[in-house]
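See below for the structure under consideration.
Values in this text are rule-based calculations from the coordinates and carry no lab data. Just so it is clear, the model here is predicted, and its values are computed rather than measured. FYI the Cβ positions are ideal-geometry reconstructions off the backbone, even for glycines, and counts take in every protein chain you see.
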Amino acid sequence: MKLELTADQQAFQEEVRKFAQKELAPKAAYHDKTQEFPVESLKKMAEMGLLGMSVPAEYDGAGVDSVTYAVVILEISKADASCGVIVAVQNSLVALPLYKWGTEEQKQKFLKPLAAGLRIGAYCLTEPNVGSDPGDMETTAVMEGDHYILNGTKTFITSAQKAETFVVFAATDRKAGNKGISCFVVDRETPGLSVGPKEDMLGVRASGTAAVTFENCKIPVGNRLGQEGGGFRIAMEALDCGRIGIAAQAIGIAEAAFEASLQYSRERKQFGQPIGDFQMIQAMLVKMATEIEASRLLLYLAAYKKDKGERYSKESSMAKLFASKMAVENTINAVQIFGGYGYTKDYPVERHMRDSKVTEIYEGTSQIQNLVIAKAIAK
Ligand code: CAA
């Protein structure tokens with residue numbers, strides 16, 4: 001058994017790490033403060049092929065494996081967590097369903113521009129009254145001739161502010177629950193589609209998160225992804241991969257907080273010595289370092305199983321559950337190590353603490369991850 005990245009994976013990791021630290025990290029505080037969608041950073045990431053990194057080259061993607069994908073999301077998130085979630089959603093929740101369930105025509109039309117980074121994508125599942133139980137969604141799609149008429153509102157949609165391609169889930173048969181959900185690809189230009197103001201959030205503040213409303217939107221039948229009634233499965237499989245991305249994001253945030261804490265613990269002196277010489281500070285650093293490595297192994301396991309073509313729902317939920325809790329606890333400790341300074345915006349650790357929290361919430365709360373794992377181990 002080898003626990004090392006391959007030479008190619010390492011080379012890509014190094015390239016993205018250098019880029020992220022040089023180009024993304026210096027702008028992260030600005031993006032956090034202004035909530036400005038990182039358009040310029042995304043353009044650069046598109047040039048590197050990162051916006052379609054999981055898509056095969058024949059559809060203009062970079063065609064990297066899932067382990068590489070996880071490593072890349074980690075490095076981006078370590079530098080700027082908002083960029084991390086935007087790129088993760090683009091790849092796992094938007095491009096992946098299009099690649100797996102799209103017809104050749106849909107791939108040419110919708111997937112290629114996403115993979116090339118010419119368009120930003122968003123995934124519309126959550127609604128004002130429906131979060132953990134998407135089978136009960138209120139957004140409807142009613143077939144009329146060769147079109148569906150889409151009505152409803154989706155909330156907390158990452159990238160909605162700038163997205164041009166929306167993967168949207170709607171009930172084509174509300175009585176059928178999970179089996180009555182269908183999936184559609186919707187252009188931003190569609191009459192009746194409107195995007196609300198961006199959410200003023202605790203963390204990932206530059207992720208362009210907003211509500212999206214569909215009012216009598218006329219969607220060609222040719223924009224349906226997969227079979228009518230097959231949308232729930234598409235949503236769940238996309239989230240399996242999405243959760244790898246969020247686990248990677250959580251680890252990236254925690255790593256950034258750990259490295260800042262380690263450096264500060266060497267510089268900051270109290271009682272005549274660096275605080276890093278005190279065992280109580282060391283214990284917090286040890287907990288961070290150990291739990292980051294444990295999370296990384298869970299992350300790699302989920303990505304490895306995906307690459308082998310096996311079902312990996314349990315592993316991606318485990319990775320997300322563990323890594324998100326780890327990130328929240330350890331970024332709180334990072335603020336503690338920095339003391340009063342950590343509580344100010346002069347240092348990045350308060351941002352890491354705020355950014356970490358959402359990893360326990362989006363793409364399935366920790367409670368939902370427990371449910372997925374419980375179902376899998378009961379089998
Ligand atoms: N892969 C393939 N099939 C799957 C699947 C998966 N991962 N998960 C479920 N299914 C299938 C099941 O096999 C079952 O199929 P059959 O009916 O043929 O047996 C069917 O789907 C229904 O499955 P369940 O009975 O398990 O469904 P459930 O209603 O009990 O719900 C759940 C399961 C895990 C709670 C699910 O609803 C869930 O994950 N909820 C959370 C949703 C979520 O993560 N929302 C986050 C919003 S997205 C977001 O945050 C986006 C963003 O912008 C960042």
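For a bin width of 10 Å, list the pair-distance distribution of the chain built from all Cα-Cα distances, rounded to whole %.
Distribution as computed: 5, 25, 33, 23, 9, 3, 1, 0 percent.
Nearest 500 deg cm²/dmol is fine: what mean residue ellipticity at 222 nm does the chain get from its DSSP H runs of n ≥ 4 alone, each adding -39,500 (n - 2.57), divided by its residue count?
Working: 12 runs with 182 residues, N = 379.
Taking each H run of at least 4 residues, the total per residue is -16000 deg cm²/dmol.
Relative to the longest principal Cα axis of the chain, at what angle does helix 25-34 sit, 0 to 90 degrees, rounded to 10?
60
Separation of the range 70-100 and the range 349-379 by C-alpha centroid, Å?
Taking the Cα centre of the range 349-379 as reference, the centre of the range 70-100 is 17 Å away.
Lys and Arg at +1, Asp and Glu at -1: add these up for the other residues within a Cβ distance under 9 Å of F338 and post the number.
Working: positive: R268; negative: E350.
That works out to 0.
Hey, could you grab the Kirkwood Rh for the range 274-379? Inverse mean 1/r over distinct alpha carbon pairs, Å, one decimal. Write down the numbers at each step before the final one.
On the way: mean 1/r = 0.0660 Å⁻¹.
Hydrodynamic radius (Kirkwood, Cα pairs) of the range 274-379 is 15.2 Å.
Report, to the nearest 10°, how far helix 66-79 tilts away from the longest principal axis of the Cα atoms in the chain, using its own Cα long axis and a range of 0 to 90°.
60
State, as an integer percentage, the relative contact order of the range 7-119 based on alpha-carbon contacts under 8 Å between residues 6 or more apart. Intermediate values should be presented prior to the final figure.
Details: 133 pairs, mean separation 35.9, N = 113.
Value for the range 7-119: 32 percent.
Run down the lysines and flag those whose C-alpha is under 22 Å from the C-alpha of K78, throwing out any fewer than 8 positions away in its chain.
K18, K22, K27, K33, K43, K44, K287, K320, K325, K345, K357
How tilted is helix 279-307 with respect to the longest principal axis of the chain? Cα atoms for both, answer in degrees (0 to 90, nearest 10).
For helix 279-307, the angle is close to 30 degrees.
Output needed for the range 7-119: three equivalent-ellipsoid semi-axes, defined as square roots of 5 times the C-alpha gyration tensor eigenvalues, in descending order, whole Å. Don't skip to the end; give the middle numbers.
Numbers: eigenvalues 113, 53, 22 Å².
In descending order, the three semi-axes are 24, 16, 11 Å.
List the residues, sorted by chain then number, that are 5 or more residues from C217 or on another chain and whose placed amide H is less than 5 Å from its amide H.
Result for C217 returns L150.
Assigning unit charges at the beta carbon (Lys, Arg +1; Asp, Glu -1) and nothing else, what dipole magnitude in debye, to the nearest 20, does the chain show about its Cα centre?
Details: 44 positive and 47 negative charges, 100 e Å.
Once rounded to the nearest 20, the dipole reads 480 debye.
Restricting to Cα pairs below 8 Å that are 6+ residues apart, what does the relative contact order work out to for the chain? Please round to a whole percent.
16
Sequence gap at least 6, Cα distance under 8 Å: using those rules, report the relative contact order of the range 274-320 to the nearest whole percent.
30
Among T213, V185, M318, whose Cα sits farthest toward the positive end of the charge dipole of the chain (+1 at Cβ of Lys/Arg, -1 at Cβ of Asp/Glu, about the Cα centre)?
Value computed over the given set: M318.
Using +1 at the C-beta of Lys and Arg and -1 at the C-beta of Asp and Glu, which of L5, G276, Q369 has the Cα lying farthest in the positive direction of the dipole of the chain?
Comparing the listed Cα positions along the dipole, G276 ranks first.
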